[in-house]
Amino acid sequence: MRLLSVPFHLDERLAGFDLGVPADAEITAELPAGDPWTRMAALYEQVAAEVGDGAVVVASGDCTTSLGVLAALQRSGRDVGVVWFDAHADFHTAASTTSGYLGGFPLALAVGRGDLALPTALGLRPVAEDRVVLVDARDTDPGEHALLADSAVTRTSVADLPGVVPGGDLYVHLDVDVV
């Protein structure tokens, strides 16, 4: 298993991003000028290329990096389910968010909700909602509640997770704020 460091928060490089252990590879992208989505598409394309089809742990500064990882897994022929451990649902769209924070969008984008320019640029196909499990999300907004209620995404606790994990290959997302 390899460790990939992606020292970015959205489209901004993080100074002093230290994992405490040496990474096997680090993304050192020079991003193009443009809006954040364009810049993140270039970054996550590099993430997808580095992930390839191997077993990789990706450490990054925010949850949107997951879009590049999922794109890489799909490119390798895998039909992955998603187990998303996060205190936040990350299930906003531009229409549901009150803050506009792009880090609140990745799980919604992964299942094909919202403006799909970034996932499309990466070649990311929507993950079937019934193959997505959101674990221990406790800090969600009303807009996310409505979107989740209208979805087939399973919400569960860690204790109940064994009974709802989708079969087949999995992408496991862990945001440390869930701890």
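The values are calculated or read from the model by the stated rules, or taken from the named source; none is laboratory data. Owing to the predicted nature of the structure, the values given are computational and were not obtained by experimental measurement. Note: ideal-geometry Cβ built from the backbone for every residue, glycine included; neighbour counts use all protein chains shown.
Here are a few things to note about the model shown:
- Of all residues making up region 137-146, the number that are assigned to a helix (DSSP H, G or I) and within 17 Å of the chain's Cα centre (by Cα): 1
- Residue in region 120-137 that is surrounded by fewer than 16 Cβ atoms within 10 Å (Cβ to Cβ) and farther than 24 Å from residue 55 by Cα present: no
- Selection count where residues are over 12 Å from the mean Cα position of the chain (by Cα), farther than 14 Å from residue 119 by Cβ and either of a type in the set (D, E, K, R) or modelled with pLDDT under 95 (or both), scope region 50-84: 11
- Residue, nearest to the chain's Cα centre (by Cα), within region 147-171, restricted to residues that are in a strand (DSSP E or B) and over 16 Å from residue 89 (Cβ atoms): 171
- Selected residue (only one of 62, 86, 90 is touching a strand residue (DSSP E or B) at 6+ places or on another chain (Cβ under 6 Å) and among the charged types (D, E, K, R)): 62
- Here region 65-83 is the region considered, the condition is being touching a strand residue (DSSP E or B) at 6+ places or on another chain (Cβ under 7 Å) and over 13 Å from residue 123 (Cα atoms), and the residue that is surrounded by the fewest Cβ atoms within 10 Å (Cβ to Cβ) is 81.
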